[in-house]
Each structure stands twice: as structure tokens, then as C-alpha cells.
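Chemist: One structure, pasted below without further comment.
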Amino acid sequence: MRTTEIKPLRVLVVDDNRDGADALGLLLEELDNEVHVTYGGVQALDVATAFRPDLMLVDLLMPGMDGCTLVTRFRQIPGFVNMKIVAITGQKGDEYHTLAMKAGCDLVLYKPVTLAAVRMVLANIGPVVPEISPPPMRPRAMAQPATDRRLPIGEARKLRSERPSKTLTQAECEAAICDGIIRFQDEYLGWRSERIHAHLIKDMLIVRIMGVLTLAERQLGKSASPERGRDLIKQTRKQLLELARPMLESLVHEAAGVKVRSMHHDISTLTGEEVVVFSLTEAPRFQ
């Protein structure tokens, strides 16, 4: 007898309806997938670059950047040309289905999205993921050796002062940022994630922190209301990061030599992995 094993996927949910997005994300996490939830198209572009999802579930009607525009943008990025994208919408007319498919969606689901529909998507997309996942992952893997090592900011200052250009290399900059964030975790939060990677892409800094959930957070995730617990975990982590935002932006500014325009944070409440995306005012110049 032939059996099909559904492979856990990295899933990005994009919907401006926070309750609906979080509920769908919770459902996907309960099915043992790694999930990130974002509430708008612009944020999704930033997060997807770091998260590299196997599957994206995108709401069609969103302010700022609607789902069709977002999907079209993704299909123009080489690493996302073959990515599986499923549109989700409450509009059941043929017009929206046609627009979604023309934009580049692989399938359209209608709200409210049922458990049966989610299982169907995972079962049909899961088996083909190994064929399309490795190419986007390779650039990040190549960048890891440089960012695995730490460079204390004091040593980074010394290196810069000794050079005529007064700049660091990209690898040194990324290592200094990793060290600074680990120190922040140690001093502000009382825990440390040694597995951390920082990668600069033009005017964007992407930091991936392969951490773990605290005991309290794991208990929240198993509470009588898992959805509420999931919300509390995200809110708490974001509030802590927001408190340290001036320090983190100062760290990035000193290491990269350019100012931070905005900062976006997301966390998987299944694995504890965090993604922090810093949008910079311009692309840094390196040694």
C-alpha cells in the first residue's frame, strides 16, 4: 500500500485581518508546520526574503499593497518564481479568481478557510517542495560561516580606527551585529541564542535568531486558549524588542555606517525562531 507523508512546510500567511491571519497561522502550526504571519504586503516582501517559505497564503484584498500586486512582485523575484502561492479571499466571484490566477497564484481558497482545505493544500504541495526549496536556501547557507563568528563592537571600533577607509568588511559588520544582539539577549532577556545569522542585502539587514521558546512561553502555547497564548508570546517578544530598539538601531548604525529606517519583527510560536528585518536608509559601503 502506498502512503503519502506530508512534509512540514515553512508557511508565510499574509492578511491584514489580524484575527483571521493568526487563526490560520495557529491551525497551520497545529499541523506541525513552521509559520510566520504578517499583516501587510510590504512587510511580507521583507519577511519572505529571510524566511524563504515553501508556501505562501495571501489575502487578495489588503490596504496599501493588495494580494495580486504582492504576488506579481514575488513572481518577478528569481527566488520566488516557482514558489507555491495560494490566494485566500472572501470574494467568491469569478473576477477575483481570474485576477489571482493571472497574478501568478497556484490556487484560490475562499474564506472561511476550512481544515479540509488546508490539509488538501499541504498534501498537494508538500511532495514537490524538495524540488524547489534548495535553490533559495543556498545563498543563505553560504553566508553563514561569516556570521557564525562573533566580533565584539569594541574590537570592531579598533579595526575601523586602524584602517585608512575607516570601514569594516561586510563579514566583520555582520559578525559585530550578531555579537551585539547576543549580548542584548544576555543582558536584557536573561537568555542567549548562540545560533544567529545576520546578512546584509543592499539596503536591508536580515537577522535570523534560531532560539527556543522559554518554559513560560511553552506553557502559554499549551494553555486553554492556544490562540490567546500565541498572541501573548508575539506581543511580549515584540514589546521587549521595541524597548531595546534604540540600542539595536545604534548597534546597526555603528557597525554598518548607515541609519535604520524601520525595524520589523516576527517569531514562530512553534520553534521560537525569530526574524528581525532592518530597512536601512541606504546600502552600506564596506572595506
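Chemist: When you look at Leu55, is it touching a residue at least 60 places away in the same chain (Cβ under 8 Å), touching a Leu at 6+ places or on another chain (Cβ under 9 Å) and not acidic (Asp, Glu), yes or no? Spell out the reasoning first.
Modeler: Working: touching a residue at least 60 places away in the same chain (Cβ under 8 Å): yes; touching a Leu at 6+ places or on another chain (Cβ under 9 Å): yes; not acidic (Asp, Glu): yes.
It is true that Leu55 is touching a residue at least 60 places away in the same chain (Cβ under 8 Å), touching a Leu at 6+ places or on another chain (Cβ under 9 Å) and not acidic (Asp, Glu).
Chemist: Still on this structure: Within segment 269-280, is even one residue outside any loop (DSSP other than H, G, I, E, B), in contact with a strand residue (DSSP E or B) (Cβ under 9 Å, 6 or more places away or on another chain) and over 16 Å from Cys178 (Cα atoms)?
Modeler: yes
Chemist: Right, next: Return the residue satisfying two criteria in turn: it lies in segment 130-167 and is outside any loop (DSSP other than H, G, I, E, B) and acidic (Asp, Glu), and of such residues it is modelled with the lowest pLDDT.
Modeler: Per the stated criteria, the residue is Glu131.
Chemist: Considering segment 243-268 alone, what residues qualify as being part of a helix (DSSP H, G or I) and touching a residue at least 12 places away in the same chain (Cβ under 8 Å)?
Modeler: Filtering segment 243-268 for residues part of a helix (DSSP H, G or I) gives 243, 245-256.
Listed by number, the residues that qualify are Leu243, Arg245, Met247, Leu248, Glu249, Leu251, Val252, Glu254, Ala255, Ala256.
Chemist: Quick one: is Ala87 more than 21 Å from the chain's Cα centre (by Cα) and within 21 Å of Tyr39 (Cβ to Cβ)? Spell out how you get there, then give the answer.
Modeler: On the way: more than 21 Å from the chain's Cα centre (by Cα): no; within 21 Å of Tyr39 (Cβ to Cβ): yes.
No.
Chemist: Can you tell which of Gly211, Gly257, Gly229 is surrounded by 14 or more Cβ atoms within 10 Å (Cβ to Cβ) and either over 27 Å from Asp19 (Cα atoms) or basic (Lys, Arg) (or both)? Please lay out each step first, then the result.
Modeler: Values: Gly211 fails: either over 27 Å from Asp19 (Cα atoms) or basic (Lys, Arg) (or both); Gly229 fails: either over 27 Å from Asp19 (Cα atoms) or basic (Lys, Arg) (or both).
That would be Gly257, the only listed residue that is surrounded by 14 or more Cβ atoms within 10 Å (Cβ to Cβ) and either over 27 Å from Asp19 (Cα atoms) or basic (Lys, Arg) (or both).
Chemist: Next question, about the same structure. Pairs under 9 Å by beta carbon, first residue within 22 Å of Phe80 (Cα to Cα) and not assigned by TED's automatic domain parsing to the domain that holds Thr271 in segment 11-33, partner of a type in the set (Phe, Trp, Tyr) and part of a loop (DSSP other than H, G, I, E, B), six or more apart or different chains?
Modeler: Val14/Tyr39; Asp15/Tyr39; Asp16/Tyr39; Ala21/Tyr39
Chemist: Which of (1) more than 20 Å from Met120 (Cα to Cα); (2) touching a strand residue (DSSP E or B) at 6+ places or on another chain (Cβ under 9 Å) is the odd one out, the single condition Leu9 does not satisfy?
Modeler: The single condition Leu9 does not satisfy is (1).
Chemist: Under 7 Å between Cβ atoms, at least 6 apart or on separate chains: pull out the pairs that start in segment 168-182 with a residue that is assigned by TED's automatic domain parsing to the domain that holds Leu248 and part of a helix (DSSP H, G or I) and end on any residue that is among the polar types (S, T, N, Q) and surrounded by 20 or more Cβ atoms within 10 Å (Cβ to Cβ).
Modeler: Glu174/Thr147; Ala175/Thr147; Cys178/Thr147
The values are calculated or read from the model by the stated rules, or taken from the named source; none is laboratory data. Note that the coordinates shown come from a computational prediction; the quantities given were computed from them, not determined experimentally. With ideal geometry, Cβ positions are generated from the backbone for all residues, glycine too; neighbour counts draw on all protein chains shown.
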